[in-house]
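The values are calculated or read from the model by the stated rules, or taken from the named source; none is laboratory data. It should be emphasised that the depicted structure is a prediction, and the values quoted were computed from it without experimental measurement. Virtual Cβ from ideal backbone geometry, glycine too; neighbours counted across all protein chains shown.
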There are 2 protein chains.
Amino acid sequence: MPRIDGSTIQGHLESLSVFGRPDGGTFQHGVSRIGYSDADIAGRKFVMNLMRSAGAAVRIDAAGNIFASRPGSDPSLPPVLFGSHIDSVPNGGNFDGDLGSLSAVQILRMLNDLRIVTRRGLTAVVWACEEASFAGAMLNGSRAAAGKPRPGEMTQISRGLTKTEAIRRIGGDPEKLETALIPAEKYHAYVELHIEQGGTLARNGVPVGVVDGIVSIDDYEAIVKGAANHAGTTPMQGRQDALVAAAELILAVRDAVASEAGAQVGTVGRLDVSPNATNVIPGEVRMTIELRDLSPAKLERLGEKIKARAAAIALETRTEISMTRAGHMEPALAAVEVQRSIEAAAGRLGLESRHLPSGAGHDAQMMATLMPMGMIFVPSVDGISHSPKELTSWQDCANGANMLLETVMNLAR
Amino acid sequence: MPRIDGSTIQGHLESLSVFGRPDGGTFQHGVSRIGYSDADIAGRKFVMNLMRSAGAAVRIDAAGNIFASRPGSDPSLPPVLFGSHIDSVPNGGNFDGDLGSLSAVQILRMLNDLRIVTRRGLTAVVWACEEASFAGAMLNGSRAAAGKPRPGEMTQISRGLTKTEAIRRIGGDPEKLETALIPAEKYHAYVELHIEQGGTLARNGVPVGVVDGIVSIDDYEAIVKGAANHAGTTPMQGRQDALVAAAELILAVRDAVASEAGAQVGTVGRLDVSPNATNVIPGEVRMTIELRDLSPAKLERLGEKIKARAAAIALETRTEISMTRAGHMEPALAAVEVQRSIEAAAGRLGLESRHLPSGAGHDAQMMATLMPMGMIFVPSVDGISHSPKELTSWQDCANGANMLLETVMNLAR
């Protein structure tokens, strides 16, 4: 089997990077290719031209997702689906999404050039607007393909456009959005190559990650109520300091997460103090607690641990602490057979691999509701993403493209 | 010696309370009598009429402070000065300042009615704008009388007025502000009656507080720098979470303050997180640390303890923590001879008394730079102040007025 080399991937990534590049910048200055924007439309056009020059049949669905299909030798078998997205966050990098999308297209090109015919058909996909840069909602295109629209989202206005207008701009058909739903059994499996966005692979010098799944997320809002009072005249033992109680709760989150083995994480990312004045004892603190792990049962258990600790802290600090579930996202587990194909590909390529969960969300989590799903990760230097500093070496990019190629070829047999 | 009864004080406080009362409210709804406002001007007029009807000579100094003088039998001796303020914070209560001011005027009235002549002259004073409700600066009138203007304050605009315009509105003469300075030896001593604004007296059922002094304040700003990162993809052990470090520092402040006996207090009142998003590990936290005690040496020691702990926390959490002094206020100690006079007054009135520091600032702290100073505290129910809920019983108000009377009579001998 031939290989995809680093300079080919580099060329494609650099060519795509000009769409949404900051004025006067270079590749190193990152990209702002917000979903549905002019830069996104220009980037999509570039990618569609690449697809056509690869001999593929290009189709845009009602949600604006782009599909490039190449028939297999047995038309009765469902084809293999693989790809990613090309939109970015504002001030994002040139690897998140782009690497998986352009590698998918390059696979079609290479097979076309070499006239290699697979048993199953191959379909490369570029999902519309994966990032939460439009109306704050992630996975806009793949969510529509999974038949999971959100109530009222089509009339929500973001960056001056309704979702209806936005989808129409990129060639979708918002009135027929339900036709974007991918029927069961239509595809054999879905594979996505992506940069890790965390530092696990880079730190350990492992070139390939086999994703176990995309984590479950439990979001809580905690409200700590104490009593705002004069910071000079209220003795320490008479205080009901909401911020002292919140500080104990922040450390309780850290300690609960550390109390079990595993890759779970817990974060207090938002915290607002009231009245937030130098000389007033804080009367109320509102904070978010976000827990992530592949296992919803573990998240449930950690949530209960934190709640129990919150009750004890409230008693100790003479405050009231409420902790309510603000959101829950189910995990999306990778299919064992796709994981096996990815492991086998790493073996054939002689690349060390390691299993890990994805702490970030991906289009793959929507596909997991429809078909067997798998993801391949390659290292992100220092774990940085959603930043112009996002970086994956050309060698790691090429490794990823070849891993995707081997995995897809294996699944298409 | 005759006594002032509760109903007299109640009558005066209720009469004054209408100036700045919220529309449709009652005495219980508190007051907004911001310094230099129309309500303040109306309240000052009411008080000046009371002073004149007490037979006193009324004078407004260049800073807008009101002095009501009653001669003594020996004009060669410096008179005794006593009083407080009548301005309030927005949505304040009807006791803070008002009780001390109206009790001072009532003393002049009673002595006038009874034709009692003291050896030293007596001067009741109502200081202009004590609260930090105008341009954020406290003690505007008494600070001018102590010769401590702040650079540039006369042209600073607050509530649509410069300080120059504001002082002119209440009958002051901003061009001759330096004439408001009270010369050394002009008065024998200064005494101020005030509600405690804390809960120590009320909680312990003690009717009279003998103030040891007004506390010293050290203000610090702490900046915790970590690394903002993806809350899903960054493992716990790789984090540099600025909010976790800040939580440790909040508890370190509490623990340092508790590590020594005494009435010292420490407060983290303001805390701001950046970027403050649910799914991003906090990259930076800015917080204030305020320490108060009568002893500047103790504050220094506690500050050093917290700094040492901050350095250890930074190491443990892989963050950087800077902690810089943002302000320092010297303590204002009450004069021992005035404290003795207050204790003797409590003895004569058969009232239990207790020594305590004032954690809040008062006009008395400015007078302490010019002459022997003393303060009498009466209980605040639940320690509440700067709120419509501020409450002192009429009996406690009368006790305070009689304590002031006895103390002043003793000092005027």
*Any residue in the stretch A:348-356 that is under 22 Å from A:R109 (Cα atoms) and not in a loop (DSSP other than H, G, I, E, B)?*
yes
*asked:* Quick check on my filter: what residues within the stretch A:209-223 are buried (at least 24 other Cβ atoms within 10 Å of the Cβ) and of a type in the set (A, V, I, L, M)?
replied: A:V211, A:I214, A:V215, A:A222
*asked:* Quick check on my filter: what residues within the stretch A:230-242 are at the interface with chain B (Cβ under 7 Å from one of its Cβ atoms), in contact (Cβ under 8 Å) with a residue 40 or more places away in the chain and surrounded by 23 or more Cβ atoms within 10 Å (Cβ to Cβ)?
replied: A:A231, A:T234
*Pull up the stretch A:94-139, narrow it to residues that are touching a residue at least 40 places away in the same chain (Cβ under 8 Å) and of a type in the set (K, R), then point me to the one that is surrounded by the fewest Cβ atoms within 10 Å (Cβ to Cβ).*
A:R119
*asked:* Please count how many residues of the stretch A:252-279 are surrounded by 20 or more Cβ atoms within 10 Å (Cβ to Cβ), free of Cβ contacts under 8 Å to residues at least 60 places away in the same chain, hydrophobic (A, V, I, L, M, F, W, C) and more than 7 Å from chain B (Cβ to nearest Cβ).
replied: 2
_For A:T319, only one of the following conditions fails: (1) of a type outside the set (A, V, I, L, M, F, W, C); (2) within 10 Å of another protein chain (Cβ to nearest Cβ); (3) in contact with a Gly (Cβ under 7 Å, 6 or more places away or on another chain). What is its number?_
(2)
_Selection within the stretch B:197-228 - facing chain A (nearest Cβ under 7 Å) and either within 21 Å of B:A314 (Cα to Cα) or modelled with pLDDT of 95 or more (or both)_ = B:V215, B:D219
_Candidate set: the stretch A:313-347, residues that are of a type in the set (K, R) and outside any helix (DSSP H, G or I); chosen: the one nearest to A:A398 (Cα to Cα)_ = A:R325
*Please give the number of the condition B:T179 fails out of (1) among the β-branched types (V, I, T); (2) outside any loop (DSSP other than H, G, I, E, B); (3) surrounded by 21 or more Cβ atoms within 10 Å (Cβ to Cβ).*
(3)
*Criterion violated by A:A401 - all others in (1) assigned to a helix (DSSP H, G or I); (2) modelled with pLDDT under 95 satisfied*: (2)
*Members of the stretch A:377-389 that are in a loop (DSSP other than H, G, I, E, B), buried (at least 24 other Cβ atoms within 10 Å of the Cβ) and not small (G, A, S)*: A:P379
*Of all residues in the stretch A:66-93 being surrounded by fewer than 24 Cβ atoms within 10 Å (Cβ to Cβ) and of a type in the set (G, A, S), the one that is farthest from A:A104 (Cα to Cα)*: A:S76
*Which condition breaks for A:L404 when tested against (1) without any contact (Cβ under 8 Å) to a residue 24 or more places away in the chain; (2) buried (at least 22 other Cβ atoms within 10 Å of the Cβ)?*
(1)
*What pairs can you find where one residue is in the stretch B:281-294 and within 7 Å of chain A (Cβ to nearest Cβ), the other is surrounded by fewer than 24 Cβ atoms within 10 Å (Cβ to Cβ) and among the acidic types (D, E), and their Cβ atoms are less than 7 Å apart, with a gap of 6+ or different chains?*
B:T288/B:D219; B:T288/B:E221; B:E290/B:D219
*Which number in (1) within 14 Å of chain A (Cβ to nearest Cβ); (2) not in a loop (DSSP other than H, G, I, E, B); (3) not acidic (D, E) marks the one condition that B:M138 misses?*
(2)
_Among the numbered criteria (1) modelled with pLDDT under 95; (2) within 12 Å of chain A (Cβ to nearest Cβ), which one does B:K163 miss?_
(2)
*Just one of (1) among the acidic types (D, E); (2) within 19 Å of A:V273 (Cα to Cα); (3) touching a helix residue (DSSP H, G or I) at 6+ places or on another chain (Cβ under 9 Å) trips up B:D255, so point out which.*
(2)
*Taking the condition facing another protein chain (nearest Cβ under 9 Å), of a type in the set (S, T, Y) and more than 24 Å from B:H230 (Cβ to Cβ), does A:T324 pass?*
no
*Consider A:A245 carefully, then state whether it is within 11 Å of chain B (Cβ to nearest Cβ) and more than 20 Å from A:E290 (Cα to Cα).*
no
*For the stretch A:12-29, how many residues are in a helix (DSSP H, G or I) and surrounded by 13 or more Cβ atoms within 10 Å (Cβ to Cβ)?*
7
*What is the residue count in the stretch A:157-176 for residues that are more than 22 Å from the chain's Cα centre (by Cα) and either of a type in the set (K, R) or part of a loop (DSSP other than H, G, I, E, B) (or both)?*
7
